[in-house]
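To keep things clear, I will list the structure first and then write my remarks on it.
The values are calculated or read from the model by the stated rules, or taken from the named source; none is laboratory data. Just so it is clear, the model here is predicted, and its values are computed rather than measured. Virtual Cβ from ideal backbone geometry, glycine too; neighbours counted across all protein chains shown.
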Amino acid sequence: MTPDTRTLPIGKLRGLQSCASPRGTFTCLALDHRQNLRKANPRFVDDAELSRFKLDVTAELAPYATCVLLDPEVSAAQAIAAGKLPGEKAFVVAVESTGYTGEATARRAQIIPGWSVEKAKRMGASMIKLLVYYHPDSPTAAETEAFTAHIAAECLKYDLGLMLEPLSYSLSAAKLSSDEKRYVVVETARRLTAIPGLDVLKAEFPLASDSPEQDWPATCADLNAASRVPWIVLSAAVSFDLYLKQVIAACQAGASGIAVGRAVWQEAVPLEGQARLDFLRSTARERLIRLNALCQALARPYTDFYTAEAPFDWYKTY
């Protein structure tokens, strides 16, 4: 055990084991998108069409990821019921409603009505994912921290892993500059990963997509130093070629892997039928295999952060 290693409850550790590679790295196939997919393809306004797309992607790509991130509305239960999610493949399920409430400069998150951490545990999820919109200087920052702490406490209660996805936003009408994004993403990691019960940080790349590559290593190192938990880098719909370079920089700085969605499968969104399957079975599959190999080789295993204890009478107080 290293000096920074934390002891996890046995259920949380098992969830991490299920979602990671044998070496302890993450290649999470992200398919929890809802509103942005409906906007990208008008057919997806129909729940059945959106579900069909997600189940196609799950069936074709899940075997090449370490786990799959799904939503509870049109994909998680449906993928299980239809046999599209391999039985041996762990899944993470989202708990938040898509979008946000409140002002654009003071955003609030909420749980999907009728959904809960307890229900995610009952359906067999290995972890839950919570998305929050967060800016450390926003008027709603403290409220978001309290909301996150409440969900984290629920995850501790049910011994279920928690993956937190904080998304940055601007406090003005202007888009965040690269320097502002660096501050927000790094400071967000510093503050939110201090919350007990948070297990994995699903982080944005901490610079704008057009930032000079020579700035990447130091900025990713800042994010790594700020995070108290394993962090994985999301793809945010950038091109595959750009994301590939971001993943290398992040993993070399200490990231434990990735949560990748549109950078792998976004060209399949307008496709139907055999054309969709052909793309998923060729280009998308090759992309995910390449990313997984990178994470296996370069990412920092979560076991550098966590261990568990199991004395022979552990069950008496569990």
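Key figures
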quantity	calculated
The range 56-66 - residue that is among the hydrophobic types (A, V, I, L, M, F, W, C) and in contact (Cβ under 8 Å) with a residue 60 or more places away in the chain and, of those, surrounded by the fewest Cβ atoms within 10 Å (Cβ to Cβ)	L61
Where a residue in the range 213-232 is acidic (D, E) and its partner, wherever it lies, is at pLDDT 95 or above and not in a helix (DSSP H, G or I), with Cβ under 8 Å and at least six apart	D215/L207; D222/P206
Residues of the range 235-261 classified as at positive phi and either buried (at least 22 other Cβ atoms within 10 Å of the Cβ) or among the aromatic types (F, W, Y) (or both), total	1
Selected residue (criterion: surrounded by the fewest Cβ atoms within 10 Å (Cβ to Cβ)) from residues of the range 204-230 that are among the polar types (S, T, N, Q) and not in a helix (DSSP H, G or I)	S209
Test result for L69, touching a Pro at 6+ places or on another chain (Cβ under 9 Å), surrounded by 23 or more Cβ atoms within 10 Å (Cβ to Cβ) and not in a loop (DSSP other than H, G, I, E, B)	no
Filter result for the condition that a residue is at pLDDT below 95 and among the acidic types (D, E), over E267, E309	E309
Residues of the range 288-318 classified as surrounded by 13 or more Cβ atoms within 10 Å (Cβ to Cβ), over 18 Å from the mean Cα position of the chain (by Cα) and without any contact (Cβ under 8 Å) to a residue 60 or more places away in the chain, total	2
Residue that is nearest to D56 (Cα to Cα) [pool: residues in the range 231-267 that are of a type in the set (F, W, Y) and in a helix (DSSP H, G or I)]	W265
